[in-house]
1. Could you say which residue among Met137, Met104, Met123 is open to solvent by 10 Å² or more (accessible area, probe 1.4 Å), under 22 Å from Val75 (Cα atoms) and out of contact with any His (no Cβ under 6 Å at 6 or more places or on another chain)?
2. Taking the condition of being in contact (Cβ under 8 Å) with a residue 12 or more places away in the chain, surrounded by 14 or more Cβ atoms within 10 Å (Cβ to Cβ) and not hydrophobic (A, V, I, L, M, F, W, C), how many residues in segment 152-170 meet it?
3. Can you tell me which residue within segment 47-88, out of those that are in contact with an Asp or Glu (Cβ under 8 Å, 6 or more places away or on another chain) and open to solvent by less than 20 Å² (accessible area, probe 1.4 Å), is nearest to Ala27 (Cα to Cα)?
4. Can you confirm whether segment 37-44 contains a residue that is at pLDDT below 75, on the phi < 0 side of the Ramachandran plot and open to solvent by 80 Å² or more (accessible area, probe 1.4 Å)?
5. What number of residues in segment 93-128 are over 16 Å from the mean Cα position of the chain (by Cα) and either in contact (Cβ under 8 Å) with a residue 40 or more places away in the chain or outside any helix (DSSP H, G or I) (or both)?
6. Does Asn47 satisfy being free of Cβ contacts under 8 Å to residues at least 12 places away in the same chain and not small (Gly, Ala, Ser)?
Amino acid sequence: LTQIVAKMSKSLKNVVNPDDIIAEFGADTFRLYEMYMGPLEAQKPWNTRDIVGMSRFLNGVWRNLVGDEESKKVVHIVNGPIPENVDRQMHRTIKKVGDDIAAMRFNTAIAELIKLNNEITGMKSIPRELAENMTLMLSPLAPHLAEELWARLGHTKTLSHRPWPEFDPTK
């Protein structure tokens, strides 16, 4: 058995049908995987095994902001203050993700969202401001999931016309 690195081609019979990936993992996971592979201008090897990481990330965001019926995790969205360490992380993330999306550095924007999601994992209650900002930052990258999260947060109008969250430069 020899491993050969080659471009996808019908003649080599190594084509991956995006419809199959979307059917298994969803469109948002597929979008994130493609953006997370690296800079847009760089050539990147396609590896369908790596898609699972983006699926885990999106499932983690869902569990942190909505909960999980399987593990009976219940999330409470509260109107209270954000813990200081998480608040600082959120403001850094708002700035970084906004700058990275404007510069089309989607991979580093996603990495920053993963960090924030890891920071809030395990919190018993999530402050509404944090949940809404996380959802707004995720919306350009995973729009379907973000719209569903937005509705679960009690909003009746789409988030697509909401402004980008403001960050505090002192934090």
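The values are calculated or read from the model by the stated rules, or taken from the named source; none is laboratory data. Quick caveat: nothing in here was measured; it's all calculated off a predicted structure. Positions of Cβ are backbone-derived with ideal geometry, glycine not excepted, and every protein chain shown enters the neighbour counts. SASA here: full protein model, heavy atoms, side chains in, ligands and nucleic acids out. Shrake-Rupley method; radii C 1.70, N 1.55, O 1.52, S 1.80 Å.
1. Met123
2. Final tally of qualifying residues: 3.
3. Ranking the qualifying residues of segment 47-88, first place goes to Leu58.
4. yes
5. Selection size over segment 93-128: 8.
6. Working: free of Cβ contacts under 8 Å to residues at least 12 places away in the same chain: yes; not small (Gly, Ala, Ser): yes.
For Asn47, the condition - free of Cβ contacts under 8 Å to residues at least 12 places away in the same chain and not small (Gly, Ala, Ser) - is met.
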